Amino acid sequence: MQSDVPSCDDFHPITSLPPVHIGYQPEDATSLLADNTVLAVISFGAGESIKGTDARHIHIGLDPIGPTRNEVWRVQGPVRQGRASGVAWSSDGDYLFFHVEIDEDEAGGPAAAAEQAYARISALIAGQAQACHVLRLWNYLDAINEGEGDAERYRHFCIGRAQGLGAAARNGFSAATAIGRRDGRRVLQVYGLAARTPGAAVENPRQQSAWTYPRQYGPVPPTFARATRTAAGQLLVSGTAAVVGHATVHGGDTLAQLDETLRNLDSLMAAAGEDIAARGLGDGLLKVYLRHAEEADAVRQRLREREPGLGEALVLCGDICRADLRIEIDGILGRL
Ligand code: 3EB
């Protein structure tokens, strides 16, 4: 019905943000990058980034189990790109994609590499002409479980990350993932997504907030939120595993850990809001990190049984940041 009296629905709030569209595609990275609404292409498995030629492309050395796929992020565009503070970036004005790789040997180990990576990301964020808020961070490092107790490389990574987070955490922690590669490259890879409007951190009532984990998990707790809800109403879900309270459950049983992870995701969606909970996982895009590649078929089958509406997940073989975790799932929900 036409009316010349505007209703509230005619106004977009000043904070309104279009969604970012994320999908897995079989096409090669070069053809995907020809589109200037593409903000980022993330390739998994063996191979090289198109280094120096396109800041929108990164390569993560985690092997996909199944057909190799590229993850593609699309925005309204047009997308510009550049490098600043040692960080490659791309942006359409709404969203900012960024990534940085730090050589651990040059930095002086995984803690120093993490501190450097986050200091650079913080400098990039603080140096933006317009408002800029980190929504989501991914961290990939080699041999994440190597080292006993507090000597574990993941715990060192956590120390450096907490040290380096500055402007990257000025609105609190954002959602994150930290997974171990097995490519023997002692290079820390960090990439992320920021936007001109802040997101809202969401915690999971079934899980203790990671930054309050007790001392037994390391000298500096992991600094991430369970999810970020964006101004576009999308939910960026952190790596989620079979952690209840602060404890790992179902050690040694991958399918039981998967079921527990799905319970954690349900509880997280409920905490994120009625709209998110009502849509459920069915309109989301998930990534499954699996310690034992040979369990992929069983995991895929269980996922289909539990979540029949879910699209095909990308399954990657990698190490989870606690040695007793065998599976972790992250993703984006609400691909509006
Ligand atoms: C957990 O719940 C599992 O250090 O950034 C999940 C997601 C985990 C992110 C991180 C760690 C991180 O504690 C581990």
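Of all the criteria given as (1) more than 10 Å from the ligand (Cβ to nearest atom); (2) of a type in the set (A, V, I, L, M, F, W, C); (3) touching a helix residue (DSSP H, G or I) at 6+ places or on another chain (Cβ under 7 Å), the one not satisfied by Leu236 is (3). Among the residues making up region 271-284, those that are surrounded by 15 or more Cβ atoms within 10 Å (Cβ to Cβ) and part of a helix (DSSP H, G or I) are Ala271, Ala272, Ile276, Ala277, Arg279, Gly280, Leu281, Asp283. For region 24-34, the tally of residues that are open to solvent by 20 Å² or more (accessible area, probe 1.4 Å) and closer than 22 Å to Arg136 by Cβ stands at 2. Of all residues in region 52-67, which are in contact (Cβ under 8 Å) with a residue 40 or more places away in the chain and within 22 Å of Ala313 (Cβ to Cβ)? Result: Ile58, Ile60, Gly61, Leu62, Asp63, Pro64, Ile65, Gly66, Pro67.
Condition check ((1) over 25 Å from Ile42 (Cα atoms); (2) away from the ligand (no atom under 14 Å from the Cβ); (3) crowded, with 23+ Cβ neighbours inside 10 Å) across all residues:
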site	(1), (2), (3)
Asp92	no, yes, no
Glu101	no, yes, no
Pro110	no, no, yes
Ala114	no, no, yes
Arg136	no, no, yes
Asn139	no, no, yes
Glu148	yes, yes, no
His156	yes, no, yes
Leu193	no, yes, yes
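Looking at the structure I just gave you, is Asp266 more than 13 Å from the ligand (Cβ to nearest atom), open to solvent by 50 Å² or more (accessible area, probe 1.4 Å) and over 27 Å from Gly61 (Cβ atoms)? For Asp266, the condition - more than 13 Å from the ligand (Cβ to nearest atom), open to solvent by 50 Å² or more (accessible area, probe 1.4 Å) and over 27 Å from Gly61 (Cβ atoms) - is met. Against the list (1) near the ligand (Cβ under 10 Å from one of its atoms); (2) surrounded by fewer than 17 Cβ atoms within 10 Å (Cβ to Cβ), the condition Arg182 fails is (1).
Screening the candidates Ala162, Ala168, Ala143 for the property of being under 26 Å from Asp63 (Cα atoms) and either small (Gly, Ala, Ser) or within 16 Å of the ligand (Cβ to nearest atom) (or both) yields one hit, Ala143. All conditions in (1) touching a residue at least 12 places away in the same chain (Cβ under 8 Å); (2) surrounded by fewer than 23 Cβ atoms within 10 Å (Cβ to Cβ); (3) within 13 Å of the ligand (Cβ to nearest atom) hold for Val249, with the sole exception of (1).
When restricted to residues that are modelled with pLDDT under 95, of a type outside the set (A, V, I, L, M, F, W, C) and open to solvent by 30 Å² or more (accessible area, probe 1.4 Å), region 53-90 contains 8.
The values are calculated or read from the model by the stated rules, or taken from the named source; none is laboratory data. Nothing here was measured: the structure is a model prediction, and the numbers come from that model. So basically every Cβ, Gly included, is an ideal-geometry build from the backbone, and we count neighbours across all protein chains shown. Heads up: the accessible areas ignore ligands, DNA and RNA and are worked out on the full protein's heavy atoms, side chains in. Shrake-Rupley method; radii C 1.70, N 1.55, O 1.52, S 1.80 Å.
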